[in-house]
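Read through the structure below, which is laid out as structure tokens, and then see the notes.
What follows draws every value from the coordinates through simple rules; no lab data is involved. Here the structure is a predicted model, which is why all the values come from computation and not from measurement. Every residue, glycine among them, receives a Cβ derived from its backbone with ideal geometry; neighbour counts consider all protein chains shown.
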Amino acid sequence: MRNEPLYGLPVEEPGDIEGWSINADLPGTLLAEAIAAELTRIEADYNAIVATLGALPANIQAGRVAMVRAVFRSKNDIFYDSPGWLGSQAVTFARPFDSPPAVVLIPQLFASPGEIVEVGAYNVTQSGFTGILFADNPPATQYTSGWIAVERTQ
Amino acid sequence: MPFESSYGLPYEAGSDLPGWSLTGGPDGSQPVLAEAVAAQLRRLDNLVQGLTDQFGLFPTSIQAGAASITPATNIVNTFYNANYFRGTVVVNFAQAFGSTPAVVVTPNTTVPGVVIEASVSGPTSALCTLNLARQTSTATGVFWIASDQTQ
């Protein structure tokens, strides 16, 4: 008798008692049981991956939204010493969520940190949202924000 | 010699030499069932290992939600031209993280330009506190995402 080298599955050789690897009444490891043990191990490995992935939100998407200078409008506000500038831009998800996701945005600044007052999302639906940005001045060309949308888990 | 159609595993027919699929035949030149099965097991193992390698670097837990904060505390200050309002809400994670996660938050407001700050305080594996400051005391929505830290 011998064993194949990958998993040690039993292989019969000429001269062996015929059928020992498939007959439980003969001495030796049953081929079927050796295969079943390996299948069980692989299935357990696979199930571990499924469990790990299954615990994560089923839909996570991310991107960047640019708000060009032309979309910014002055917003008078006595809260500040001078009017601020408000811009918005709609984003459509590449594929819809099953329900409105949680959306977070962070401005990606290339200069002058401190000028952006607020970045937010509103009108969030399964298919998209509108990113907003409020700053003390309109951008020279555009403001860009990174966004991540995640299926809500609670 | 016949082979089944899904994986090409050999099996024996009535006219075959009995046991050749177990031995490879008298001269060992025929396909051996055990070796054919082992090759398929190795292929499956490699596929599973590929998945493990691909997704093993993912955060093990990512949670997300929405909350509402009523900024009821009036804050007198000199930085702005008027008082502002501050509020907090505690978020208890539906499932505790293995360690303190990274938490990010963004206001979900229907009146853009009024919120001053949305931030996070005191995250633990079980909860975090979301903060919101705005010009008025109107209840304001926030979105949050918490993820296992990967570094």
>> Step by step: find N for segment A:2-54, compute 2.2 N^0.38 Å, then divide the Cα radius of gyration by it. What's the final number?
In response: 1.52
>> Connecting C-alpha atoms closer than 10 Å in a GNM of chain B, tell me which of B:Leu22, B:Leu132, B:Leu51 has the biggest fluctuation.
In response: B:Leu22
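As an exercise, find the ratio Rg/Rh for segment A:71-154 from alpha-carbon atoms, using the Kirkwood inverse-distance average for Rh.
1.03
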> What is the spin-label model distance, in nm, from A:Ala58 to B:Phe3 if the labels are put 7 Å beyond Cα along the C-beta direction?
Replying inline: 3.9 nm
> What is the spin-label model distance, in nm, from B:Ser68 to A:Ala94 if the labels are put 7 Å beyond Cα along the C-beta direction?
Replying inline: 3.4 nm
> Hey, what angle do you get for helix B:33-55 against the long axis of chain B, alpha-carbon based, 0 to 90 degrees rounded to 10?
Replying inline: 10 degrees
> In the neighborhood of B:Leu41, defined by Cβ-to-Cβ distances under 15 Å, what is the net charge if each Lys or Arg adds +1 and each Asp or Glu adds -1?
Replying inline: -4
> So for segment B:62-147, Kirkwood radius off the Cα pairs, Stokes-Einstein at 20 °C and 1.002 mPa s: how many µm² s⁻¹?
Replying inline: 162 µm²/s
> To the nearest Å, what is the center-to-center distance of segment A:55-116 and segment B:121-136, using C-alpha atoms only?
Replying inline: 20 Å
>> I'd like the FRET efficiency for B:Thr138 and B:Ala94, computed as 1/(1 + (r/R0)^6) with the beta carbon distance as r and R0 of 22 Å, rounded to 0.05.
In response: 0.20
> Evaluated at 25 °C with a viscosity of 0.890 mPa s, what Stokes-Einstein diffusion coefficient in µm²/s does the protein assembly as shown have when Rh comes from the Kirkwood expression over alpha-carbon pairs?
Replying inline: 102 µm²/s
> Considering every pair of different Cα atoms, what Kirkwood radius, in Å, is found for chain A?
Replying inline: 20.8 Å
>> Using only DSSP helix segments of four residues or longer, with each worth -39500 (n - 2.57), what per-residue ellipticity at 222 nm results for chain B after dividing by its residue count and rounding to 500?
In response: -5500 deg cm²/dmol
>> Tell me the angle of helix A:31-54 to the major Cα principal axis of chain A, expressed in degrees between 0 and 90 and rounded to the nearest ten.
In response: 10 degrees
